[in-house]
Amino acid sequence: MLTADPRVVASPRVVPQLSFAEASELAYFGAKVLHPSTILPAVSKNIPVRILNSRRPENPGTLITAKGRAGGQLAALACKREVTVIDITSSRMLMAHGFLRRLFEVFERFKTAVDVVTTSEVSVSVTVDDTRRLDGIVAGLREFSEVVCEPNMAIVSVVGEKLLADPALFGRAIVALGHIPLRLVSQAASRRNITFVLRDADVTEAMTRLHDAFF
C-alpha cells in the first residue's frame, strides 16, 4: 500500500503498517491495491494481513493489523474519480421528518450506492460513482424535490487513525489545498478520514499538495 496513487502523485511512499479500519477506508475511497471486501474475513478473526509486491520480494510491504501503527500523522491518501454530485433541494425538508428516508429509498430502489453525504436545512448533496441508473434516480427524486447533477467531479480522502486525536490535522489539510475550490467537505463519525469533493481536473494538484504537506 502506498501513501497515494502513483498515477496521480509522483513519488508516493510505502505505508509500513495500517489498521484494519484505515485499510477499509482507503479501499472504499479508491485505493486499487485492496478491494473493500478482501480483508473482511481477516478482520472478523483478527488475522494480520500483509500486502507484498511480487516484483520486489525483498520489500516487507504493508502489514495490516487491528491496532495499526504507533505514531505518525496520517496513513495515506486515496481518490475516486468520475464522480457525480447530486444536489437535492426541497422546502419540505424544513422541520420535517421522513424526508431523508424517502430520498434514500430512491437510491435503494435503483440499487445505487452513495459515497458522500452532506446536508443543510433544505438541501442534501450526495455523490455517486455509478451513473448507469442516474436518469431513473433523478426522475424519482424530482417527484418531491428539485435536482441538479454535476458530473466530472472526484473524491479525495485523507485517512488516518491520528485524525481521532489531533483535530488540527483537519485545518492543515484545508490550508494545504490552498486556492483549490471545494464542492463538498465531510468528516466521518469515526473521524478516521476527511473527504473532499472537488473538480476532477483538480485531483492531481490536490493530491500533490496534501501529500507534500503530510508525507
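The values are calculated or read from the model by the stated rules, or taken from the named source; none is laboratory data. Predicted model only: the values in this text are computed from it and were never measured. Cβ placement follows ideal geometry from the backbone for every residue including glycine, while neighbour counts extend to all protein chains displayed. Just so you know, the surface numbers come from the protein's heavy atoms only, side chains and all, with ligands and any DNA or RNA stripped out. Shrake-Rupley method; radii C 1.70, N 1.55, O 1.52, S 1.80 Å.
LEU169 meets each of the listed conditions (1) closer than 28 Å to LEU18 by Cβ; (2) open to solvent by 30 Å² or more (accessible area, probe 1.4 Å); (3) assigned to a helix (DSSP H, G or I); (4) in contact (Cβ under 8 Å) with a residue 24 or more places away in the chain apart from (2). If you take the residues of region 115-144 that are of a type in the set (A, V, I, L, M) and at pLDDT below 95, which of them is nearest to VAL156 (Cα to Cα)? So, considering only residues that are of a type in the set (A, V, I, L, M) and at pLDDT below 95, the one nearest to VAL156 (Cα to Cα) is VAL116.
Do you know which of the residues in region 39-67 that are of a type in the set (A, V, I, L, M, F, W, C), out of contact with any helix residue (DSSP H, G or I) (no Cβ under 8 Å at 6 or more places or on another chain) and free of Cβ contacts under 8 Å to residues at least 12 places away in the same chain is nearest to THR195 (Cα to Cα)?
Residues of region 39-67 that are of a type in the set (A, V, I, L, M, F, W, C), as a first pass: 39-40, 42-43, 47, 49, 51-52, 63-64, 66.
Next cut, out of contact with any helix residue (DSSP H, G or I) (no Cβ under 8 Å at 6 or more places or on another chain) only: 40, 51-52, 63.
With the extra rule that they be free of Cβ contacts under 8 Å to residues at least 12 places away in the same chain, the set shrinks to 40, 52.
Values: LEU40: 23, LEU52: 27 Å.
Result: LEU40.
Residue by residue through region 20-52, note down the ones that are among the aliphatic types (A, V, I, L, M), modelled with pLDDT of 80 or more and within 15 Å of GLY160 (Cβ to Cβ). Of everything in region 20-52, those that are among the aliphatic types (A, V, I, L, M), modelled with pLDDT of 80 or more and within 15 Å of GLY160 (Cβ to Cβ) turn out to be ALA21, ALA23, LEU26, ALA27. Output the qualifying pairs, or none if there are none: Cβ atoms under 6 angstrom, residues six or more apart or on different chains, first residue in region 79-103 and among the acidic types (Asp, Glu), second residue at pLDDT 85 or above and open to solvent by less than 100 Å² (accessible area, probe 1.4 Å). Hits for this filter: ASP87/SER125; ASP87/VAL148. If you filter region 79-104 down to residues that are small (Gly, Ala, Ser) and open to solvent by less than 60 Å² (accessible area, probe 1.4 Å), you find that the one that is farthest from the chain's Cα centre (by Cα) is ALA96. Entry remark, region 91-114: residues being touching a helix residue (DSSP H, G or I) at 6+ places or on another chain (Cβ under 7 Å) and at pLDDT below 90 number 3 in total.
Within region 151-181, the set of residues being more than 25 Å from LYS32 (Cβ to Cβ) and of a type in the set (Lys, Arg) comprises just one member, ARG172. When ILE180 is tested against (1) open to solvent by less than 20 Å² (accessible area, probe 1.4 Å); (2) closer than 16 Å to PHE29 by Cβ, only condition (2) is not met. Applying the condition of being more than 19 Å from ALA4 (Cβ to Cβ) and assigned to a strand (DSSP E or B) to region 186-208 and asking which residue is least open to solvent (accessible area, probe 1.4 Å) yields SER186.
Okay, residues lined up against (1) in contact (Cβ under 8 Å) with a residue 24 or more places away in the chain; (2) out of contact with any Gly (no Cβ under 6 Å at 6 or more places or on another chain):
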{"site": "MET1", "(1), (2)": "yes, yes"}
{"site": "VAL8", "(1), (2)": "yes, yes"}
{"site": "PRO12", "(1), (2)": "yes, yes"}
{"site": "VAL15", "(1), (2)": "yes, yes"}
{"site": "LEU18", "(1), (2)": "yes, no"}
{"site": "ALA23", "(1), (2)": "yes, yes"}
{"site": "GLY30", "(1), (2)": "yes, yes"}
{"site": "VAL33", "(1), (2)": "yes, yes"}
{"site": "SER37", "(1), (2)": "no, yes"}
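If you go through region 105-152 and keep only what is open to solvent by 70 Å² or more (accessible area, probe 1.4 Å) and touching a Ser or Thr at 6+ places or on another chain (Cβ under 6 Å), you end up with ARG133, GLU146, PRO151.
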